[in-house]
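The values are calculated or read from the model by the stated rules, or taken from the named source; none is laboratory data. Quick caveat, the model's predicted, so the values are computed rather than measured. In this analysis, Cβ positions are derived from the backbone assuming ideal geometry, glycine residues included, and neighbour counts consider all displayed protein chains.
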Amino acid sequence: MMLKPGATIGILGGGQLGRMLAIAAARLGFHCHIYCPEAGSPAFEVARAHTVAAYEDEAALAEFASQVDVVTLEFENVPVAALRFVASRVPVAPSADALEIAQDRLAEKTFATKLGLGTAPFADVPDAVALEAGIARIGTPAILKTRRFGYDGKGQVKIMASGEASQALADLRGAPAILEGFVRFSREVSVVAARKADGAFEPFDVTENEHRNHILDRSVAPAQVSQATRDKAIAAARAIGDGLGYVGTFAVEFFVVGDEVIVNEIAPRVHNSGHWTLDGAITCQFEQHIRAIAGWPLGNPARIAHVEMLNLVGEGTARWEALAAEPSTKIHLYGKAEIRAGRKMGHATRLRFPT
Ligand code: AMP
């Protein structure tokens, strides 16, 4: 199936990722209908239609599904039940099964392990007894993370010694959790790639990521890693995409240890570490996603410059003015009215030639 220009793409989630997806879709002649529980969401401004309703509201979901030709998502914490409900009425990409694995850290790590990929040592932690057993096996330091709904470091507690276990568990307020051994990595990198239903796969260049306060601060492409590491990261992302039968753009975050890559997280959506592709690649991650879910051929993901992406977060957003004065820097602001600590307000991409 190839979706024709003039068709309507439904997007679950209305944040900046939905906004940039809608802009890319509009460039290809599609309309977008955004479904998001929060009024005034950043994507509404750039889409033809929007619905403000809860993900549990089946009447609203049914009405939304009746108005669109395909449904996708920009936010991995969309309840799987909402996506399954919509999928019974209209094609969806990625699938609810892929979302279900990628939104649960335990399912994700189990899946990666079955594919033969390296992960941090991990243990399922449904309760305090399991946590003690996990610490005994994995040791400290370790990180206790909620299985679901974590992002930007939320829902994570570091455990430096076994005596801290009960406090760590209390901090997560009874949420199902996973214990991960602490990985002493040299770098963090990610692969953002697009995959189509027929298995076509186009990765962007491996990107190096630096976090500040658990939030992505800066990405650089190409990552300063060996060709062997690059190849392993892309092969791992491909195996994950194939294993999930994934359709659309997705990201895999890795820790680099020596020449090896260790899977940290799978994002079933376009990803912050791929924002540089808007200005630094022939086809950006947002257009690739729209192409993949519309059944179009994927575009060329080749990088056209050396790129540095800077996130504009919270009070740091004020940098936009100085960055706007740099001639080869592109500014992207998400139209969010209120600056809050840790809130992603925009990003800038510094381009340097040659590549
Ligand atoms: P996550 O939400 O799982 O992506 O974790 C956020 C950040 O915390 C990662 O990008 C790493 O910098 C750090 N981190 C998470 N898990 C581990 C781990 N098992 N070992 C070392 N650092 C970690």
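For Ser226, indicate whether it is out of contact with any Pro (no Cβ under 6 Å at 6 or more places or on another chain) and farther than 21 Å from Gly299 by Cβ.
yes
Can you find, within region 125-139, the residue that is farthest from the ligand (Cβ to nearest atom) among those that are assigned to a loop (DSSP other than H, G, I, E, B) and either of a type in the set (Gly, Ala, Ser) or over 28 Å from the mean Cα position of the chain (by Cα) (or both)?
Of everything passing the filter in region 125-139, Asp127 is farthest from the ligand (Cβ to nearest atom).
How many residues are within 15 Å of the chain's Cα centre (by Cα) and more than 16 Å from the ligand (Cβ to nearest atom) if we restrict to region 189-201?
Pass one, region 189-201, residues within 15 Å of the chain's Cα centre (by Cα): 189-195.
Those still in the list that are more than 16 Å from the ligand (Cβ to nearest atom) too: 193-195.
Adding up the residues that qualify gives 3.
Quick one: in region 175-188, which of the residues that are among the small types (Gly, Ala, Ser) and more than 9 Å from the ligand (Cβ to nearest atom) is nearest to Ser273 (Cα to Cα)?
The initial filter retains those residues of region 175-188 that are among the small types (Gly, Ala, Ser), namely 175, 177, 181, 186.
Still in the list and also more than 9 Å from the ligand (Cβ to nearest atom): 175, 177, 186.
Details: Ala175: 28, Ala177: 26, Ser186: 18 Å.
Applying the filter and picking the extreme gives Ser186.
This table checks each residue for (1) of a type in the set (Phe, Trp, Tyr); (2) within 16 Å of the ligand (Cβ to nearest atom); (3) without any contact (Cβ under 8 Å) to a residue 40 or more places away in the chain.
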| residue | (1), (2), (3) |
| --- | --- |
| Ala237 | no, yes, no |
| Gly248 | no, no, no |
| Phe254 | yes, yes, no |
| Glu260 | no, yes, no |
| Glu265 | no, yes, no |
| Pro268 | no, yes, no |
| Ser273 | no, yes, no |
| Asp279 | no, no, no |
| Cys284 | no, no, no |
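Condition first: surrounded by fewer than 20 Cβ atoms within 10 Å (Cβ to Cβ), on the phi < 0 side of the Ramachandran plot, within 14 Å of the ligand (Cβ to nearest atom) and not basic (Lys, Arg). Now tell me which residues in region 147-174 satisfy that. Write out each step before concluding.
As a first pass, look at region 147-174 and keep what is surrounded by fewer than 20 Cβ atoms within 10 Å (Cβ to Cβ): 148-149, 151-158, 160-164, 166-167, 170-174.
Filter once more, so that each one left must be on the phi < 0 side of the Ramachandran plot: 148, 151, 154, 156-158, 160-164, 166-167, 170-172.
Applying the additional criterion that residues be within 14 Å of the ligand (Cβ to nearest atom) yields 148, 151, 154, 156-158, 160, 172.
Correct list: Tyr151, Gln156, Val157, Met160, Leu172.
Looking only at region 242-257, how many residues end up being over 17 Å from Glu74 (Cα atoms) and of a type outside the set (D, E, K, R)?
Summing the residues that are over 17 Å from Glu74 (Cα atoms) and of a type outside the set (D, E, K, R) in region 242-257 gives 7.
Can you tell me which of Ala233, Ala223 is assigned to a helix (DSSP H, G or I), within 16 Å of the ligand (Cβ to nearest atom), modelled with pLDDT of 95 or more and among the small types (Gly, Ala, Ser)?
Exactly one of Ala233, Ala223 is assigned to a helix (DSSP H, G or I), within 16 Å of the ligand (Cβ to nearest atom), modelled with pLDDT of 95 or more and among the small types (Gly, Ala, Ser), namely Ala233.
Would you check which residues across region 23-53 are over 21 Å from Pro297 (Cβ atoms), of a type in the set (A, V, I, L, M) and touching a strand residue (DSSP E or B) at 6+ places or on another chain (Cβ under 6 Å) and list them?
Result: Ile34, Ala39, Ala43, Ala47, Ala49.
Looking at (1) of a type outside the set (A, V, I, L, M, F, W, C); (2) in contact with a His (Cβ under 9 Å, 6 or more places away or on another chain); (3) not assigned by TED's automatic domain parsing to the domain that holds Leu12, can you tell me which one Arg48 breaks?
For Arg48, the exception is condition (3).
When you look at Lys196, is it in contact with a Leu (Cβ under 9 Å, 6 or more places away or on another chain) and not assigned by TED's automatic domain parsing to the domain that holds Ile262, yes or no?
no
Would you be able to tell me the number of residues in region 24-52 that are buried (at least 20 other Cβ atoms within 10 Å of the Cβ) and in contact with a helix residue (DSSP H, G or I) (Cβ under 6 Å, 6 or more places away or on another chain)?
The total comes to 9.
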